[in-house]
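The values are calculated or read from the model by the stated rules, or taken from the named source; none is laboratory data. Everything quoted here is computed from the prediction, not taken from an experiment. Methodologically, a virtual Cβ is constructed for each residue, glycine included, from the backbone with ideal geometry; neighbour enumeration extends over all protein chains shown. For the accessible areas, the whole protein counts, side chains as well, though only heavy atoms, and no ligand, DNA or RNA atoms are used. Shrake-Rupley method; radii C 1.70, N 1.55, O 1.52, S 1.80 Å.
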Amino acid sequence: IGNLADISLRALHVLSLCDTLACEDTRHSQTLLRAYGLDKSSAQWLAVHQHNEAEAAEEVIRRLQAGQRVGYVSDAGTPAVSDPGARLAWQVQSAGLRVMPLPGASSVTALLSACGTPVGDSTGFVFVGFLSSKAMERAREIELLSKEPRTQILLEAPHRIEALASALAVLGTRPVTLGRELTKQFEEIATVAAQDVTAWIAANPQRTRGEYALVIHAQTQEASSTGNH
């Protein structure tokens, strides 16, 4: 997710009111705010990312207890959905303080809303996120995915998409929808059989660039019956 216009009017209003902006990367968040004419002094920025989340949460709590309004911004989508923020939200709530969600951009719901389902009524979905970067562990994880009949959502970085594509081939004809660079200038959404994902990526060199969200579609009744014989 990366289109500046994805941000909501409510989010802009709240960001303008915040005394402190905690964020995954202050440079990215400053660019976002400045695009909308918002500026914060250096003292109002606080870095909270996956490497310092537990410790930085203590500073967020201290500022909240002092009466400040603190907003948290992650780089590429709604915080705490495969982005830092989950530990922060937990620690803030555990301290007896309120966490207010600001609904925002998410590659998970964006791709689900565009790819449909081959099985009629939705059977729900399972959010998986990133698989292991280690080949053997990833193969084991995909074996487990193959036994899950519901729709599953994966995320992947561009430098690992070819390895994931190769590993997904064991799912055979099960449909996979790939969402590349969602909401950005070069957005691309395509549905192919799992065994054809590698060929789809190889067909265009640009497809090894950009962040991916992938939907492994729910198994149809016929496919699950065939798999049981």
_Rounded, prolate or oblate, given the Cα gyration tensor of region 103-217, with a/c below 1.5 counting as rounded?_
rounded
_region 192-201 - phi-based ³J(HN,Hα) in whole Hz, Karplus 6.51/-1.76/1.60, Gly and Pro as x_ = 9, 5, 3, 5, 9, 4, 4, 5, 4, 5
*Please report, in Å, the Rg and the Dmax of the chain, where both are computed over Cα atoms only.*
19.9, 65
*asked:* With θ taken as phi - 60° and the coefficients 6.51, -1.76 and 1.60, list the Karplus ³J(HN,Hα) couplings across region 48-64 in order, rounded to whole Hz; mark glycine and proline as x.
replied: 9, 9, 4, 8, 10, 4, 5, 5, 5, 4, 5, 5, 4, 4, 4, 5, 4
*Taking the Cβ-Cβ separation of residue 62 and residue 134 as r and a Förster radius of 41 Å, what is the calculated FRET efficiency to the nearest 0.05?*
0.60
*Principal-axis tilt of helix 135-146 within the chain, Cα atoms, nearest 10 degrees*: 70 degrees
_Burial order of peptide ranges 3-11, 178-186 (average beta-carbon count within 10 Å, highest first)_ = 178-186, 3-11
_If you take every residue apart from residue 20 with its C-beta less than 13 Å away from the C-beta of residue 20, what net charge results, scoring Lys and Arg +1 and Asp and Glu -1?_
+2
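Leaving ligands, DNA and RNA out of it, report the carbon-plus-sulfur percent of the accessible area of region 71-229 at a 1.4 Å probe. Kindly include the intermediate steps, with their values, before the conclusion.
Details: 4700 of 8650 Å².
Carbon plus sulfur share of accessible area: 54 percent.
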